[in-house]
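Colleague: Questions regarding the structure given below will be posed in turn.
Each value in this text was obtained by applying a stated rule to the coordinates, not by laboratory testing. Values in this document were obtained by computation on a predicted structure and should not be read as measured data. With ideal geometry, Cβ positions are generated from the backbone for all residues, glycine too; neighbour counts draw on all protein chains shown.
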Amino acid sequence: MLRFRKKLYNPLTEPLWVKALLTMLALAFVGLFIVTPLCTIFFEAFAKGWGSYFAALKEPDALAAIKLTILVAVIAVPLNVIFGISAAWCIAKFEFTGKNLLLALISLPFSVSPVISGLIYVLLFGIHSRFGAFLQEHDIQIIFAVPSLVIATIFVTFPFVARELIPLMQEQGTEEEEAATLLGASGFETFRRVTLPNIKWGLLYGVLLCNARAMGEFGAVSVVSGHIRGKTTTIPLHVEILYNEYNFVAAFSVASILTVLALITLVVKSGIEWKYKSEIKEVGVH
Amino acid sequence: MIVAPMFPLSEKIKKPSVIPGFGLTLSFTLFYLLLIVVVPLSGLFFKTATLSWQQFSAAVASPRVLASYKLSFGASFAAATFNAVFGLILCWVLVRYKLPGKKIIDAMVDLPFAMPTAIAGIALAAVYSEQGFIGSHLEKLGIKVAFTPLGIIVALIFIGIPFVVRTVEPVLMDLDREIEEAAASLGATRLQTFTKIIFPNIFPALLTGFALAFAKALGEYGSVIFIAGNLPMVSEITPLLIVIKLEQYDYAGATAIALVMLLASFTLLLGISMIEKWSRK
């Protein structure tokens, strides 16, 4: 009798029907808003078979966009990695005044609309500004050219590595580095042989996320690019052009490249998380 | 040691430490921030300062711009509220229930964060259009999603999901189960335990997640423009209006609107940090 009652009402968990309802709602939410759009990309990309899929990828403008996207990421990501490590080192290993202000500045690009991130560089380098006029005189093209794509991408993606490393390095403390230094290791040696092994998984995730965002950035890049087809269009911009031309199969085919990249990023992230839970910091999304 | 003279102030502003590299890394960090963030962003203020008050108010308060604020704030608020409710349910299911494939669902939550916004935008437009997988069913019920303000909310829900889930999840995980047992042993029903014990504990995190999703939604561009329809006064979000002004070479007008948006998101950011301080107490 007692056992029966316990089964009927357990005050430590919800009744079965509530559990079922909540689970269904959660699954429906993920299904409608995440899984369906994801599957649609591949469904639309292969709507006319493998032939048109690969034709869309092999088209010269698509190839140019892929090359440009890789070029932008190859410049922007390493710079942001150096910045991220440098910022994490001074913030996590030292106590100084103004640290919170510095932290706030680092997170700033997260709260700036991508469109505004592009706009600020148009204002800075555009021909209407003094600096822009100077550049024009000396025939240096920044805005509506590759350099502005790189700079805007750096702006949008630079917090990722820093924000991943800072909490991780703060949690690990300074004792190991102090010991290494007192034993005579140089600063660089200390970093390479003591700090780096401790943060490598967090760093890898930060780099991957930074890269995925760098390759996929749309708003900021769209404002500064000028949309010169085959010259200043990255993959997302090329997708936009194809989509607006109602060339849906090609648009989704090209889009599928970055979708695969996003999926790989997530798989690696989850892999690292399950295996090295303690070695990366769940910093959330900001 | 070699870099110490480069930053003679360092001993005054920082606590002493044997670890080298403070001057070098701080100088580089500040230099990079100045170059990439502070100088370009300050241009926004300088450019706006060249406008007279009449020009400024005409740029930021014309009927078309006001309609875009209303839409951007309204849609962002609706999407963030929706995400707060369903994000909490999703968190609860992921943390508390046994479910096959839970890890995969958990990983999928981060997809909007890793996926390029423009690609999410065209995918959502395809799914929710009249011929789309979900849109065609909604069409039969008389609900139009794509190319209406409702479509904007759908896109903003997509990009906001991880913000709520990733903020609430760790708090829910760390929640001490013993207080729930104590409440139950003192005779509380499950509903009472939830409303009086669990919910107040996760509320600050939920509010933070809501505010983060709201702030992100306000500035969102790529995922929205493909599904929005972009009709002036009806389905034109503020970031799009900035782009339109830029394309018309109205730099001053674009900058003035951008400044208003920027101040709105800074206010939200300040609010978020205040919530975080309050919840730590």
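Colleague: Under 8 Å for C-alpha pairs, at least 6 residues apart: give me the relative contact order for the range A:154-210, rounded to a whole percent. Could the numbers behind the result be given before it?
Modeller: Working: 31 pairs, mean separation 33.8, N = 57.
Once normalised by length, the contact order is 59 percent.
Colleague: Here's something else I'd like to know. Of the listed peptides B:71-78, A:130-137, what is their order by residue-averaged count of other C-beta atoms within 10 Å, with the highest listed first? The partial results should precede the final answer.
Modeller: Details: B:71-78: 20.2, A:130-137: 13.0.
In decreasing order of mean packing, B:71-78, A:130-137 become B:71-78, A:130-137.
Colleague: Compute a Gaussian network model of chain B, connecting alpha carbons closer than 10 Å, and tell me which residue from B:L218, B:L262, B:L186 fluctuates the most.
Modeller: B:L186
Colleague: Further question: From the backbone phi of the range B:37-52, what are the Karplus-calculated ³J(HN,Hα) couplings (6.51 cos²θ - 1.76 cosθ + 1.60, θ = phi - 60°) in whole Hz, Gly and Pro given as x?
Modeller: Result, ordered by residue: 10, 5, 5, x, 5, 5, x, 4, 6, 5, 5, 5, 5, 6, 7, 7 Hz.
Colleague: Kirkwood hydrodynamic radius for chain B: how many Å is it when counted over pairs of different Cα atoms?
Modeller: 22.2 Å
Colleague: Remind me, relative contact order of the range A:63-187 in percent, using alpha carbon pairs under 8 angstrom and six or more residues apart?
Modeller: Values: 90 pairs, mean separation 54.7, N = 125.
Reported as a whole number, the value is 44 percent.
Colleague: Can you tell me which aspartates and glutamates have their Cα less than 16 Å from the Cα of B:K98? Leave out same-chain residues fewer than eight positions away.
Modeller: In chain and number order, the partners are A:E14, B:D106, B:E169.
Colleague: Work out the mean other chain Cβ neighbour count within 10 Å for the residues of B:129-142 and drop it here as an integer.
Modeller: Averaged over the peptide's residues, the number is 1.
Colleague: Please arrange B:R64, A:R163 by counting, for each residue, the other beta carbons lying within 10 Å of its beta carbon, fewest first. If you can, show how the numbers build up before the last one.
Modeller: Values: B:R64 11, A:R163 25.
Ordered from fewest to most neighbouring Cβ atoms within 10 Å, B:R64, A:R163 come out as B:R64, A:R163.
Colleague: Which pairs break 31 Å Cα to Cα here: A:K269/B:K216; A:K231/A:K275; A:K48/A:K231; B:K47/B:K216?
Modeller: Details: A:K269/B:K216 22 Å; A:K231/A:K275 42 Å; A:K48/A:K231 28 Å; B:K47/B:K216 25 Å.
Exceeds cut-off: A:K231/A:K275.
Colleague: I've got another one for you. Could you work out which residue, out of A:I127, A:I235, A:I166, moves most in a Gaussian network model of chain A, that is, has the largest mean-square fluctuation with Cα springs under 10 Å?
Modeller: A:I127
Colleague: Another one. Which number do you get for Rg(Cα) / (2.2 N^0.38 Å) in the range B:48-169?
Modeller: Details: Rg = 18.5 Å, N = 122, 2.2 N^0.38 = 13.7 Å.
In units of the globular-protein estimate, the range B:48-169 measures up at 1.36.
Colleague: Further, regarding this structure: For B:K196, which aspartates and glutamates qualify as cross-link partners when the Cα separation must be under 12 Å and same-chain residues fewer than eight apart are set aside?
Modeller: Cross-link targets: B:E180.
Colleague: With a ≥ b ≥ c taken as the square roots of the eigenvalues of the C-alpha gyration tensor of chain A, please select rounded if a/c is under 1.5 and otherwise prolate if a/b is larger than b/c or oblate if it is not?
Modeller: Values: a/c = 2.12, a/b = 1.12, b/c = 1.89.
In terms of gyration-tensor shape, oblate.
Colleague: What is the order of A:H128, B:H137, fewest Cβ neighbours within 10 Å to most?
Modeller: Working: A:H128 13, B:H137 10.
In order of increasing Cβ crowding within 10 Å: B:H137, A:H128.
Colleague: Mean projection of the alpha-carbon convex hull of the range A:143-286 over all orientations, in nm²?
Modeller: On the way: hull surface 42.1 nm².
Projected over every direction and averaged, the Cα hull of the range A:143-286 covers 10.5 nm².
Colleague: Take the alpha carbon gyration tensor of the range B:117-237, find the square roots of its eigenvalues, order them as a ≥ b ≥ c, and report rounded if a/c is under 1.5; if not, report prolate when a/b exceeds b/c, else oblate.
Modeller: It comes out prolate by the Cα gyration axes.
Colleague: Within straight cross-link reach of A:K200, meaning Cα distance under 13 Å, which aspartates and glutamates are found once same-chain residues fewer than 8 apart are removed?
Modeller: The qualifying aspartates and glutamates are A:E164, A:E273, A:E279.
Colleague: Treat the count of other C-beta atoms within 10 Å as a stand-in for reagent exposure and order B:L207, A:L183 from fewest to most. Walk me through the numbers before you get to the answer.
Modeller: Numbers: B:L207 19, A:L183 8.
Final ranking by Cβ density, sparse to dense: A:L183, B:L207.
Colleague: Filter the chymotrypsin sites (Phe, Trp or Tyr not before Pro) in the range B:211-264 down to the DSSP loop ones having no more than 12 other Cβ atoms within 10 Å, then list what survives. Before the final figure, lay out each step's value.
Modeller: Numbers: sites: B:F214, B:Y221, B:F226, B:Y249, B:Y251; in loops: B:Y221, B:Y249.
Here the sparse-neighbourhood loop sites are B:Y249.
Colleague: Please quote Rg/Rh for the range A:1-141 to two decimal places, taking the Kirkwood radius as Rh and restricting both calculations to Cα atoms.
Modeller: Values: Rg = 27.1 Å, Rh = 22.5 Å.
Rounded to two decimals, Rg over Rh is 1.20.
Colleague: Considering only the other residues whose Cβ falls under 13 Å of the Cβ of B:M108, what net charge follows from Lys and Arg at +1 and Asp and Glu at -1?
Modeller: On the way: positive: A:K269, B:K102, B:K103, B:R166; negative: B:D106, B:D110.
Here the count lands on +2.
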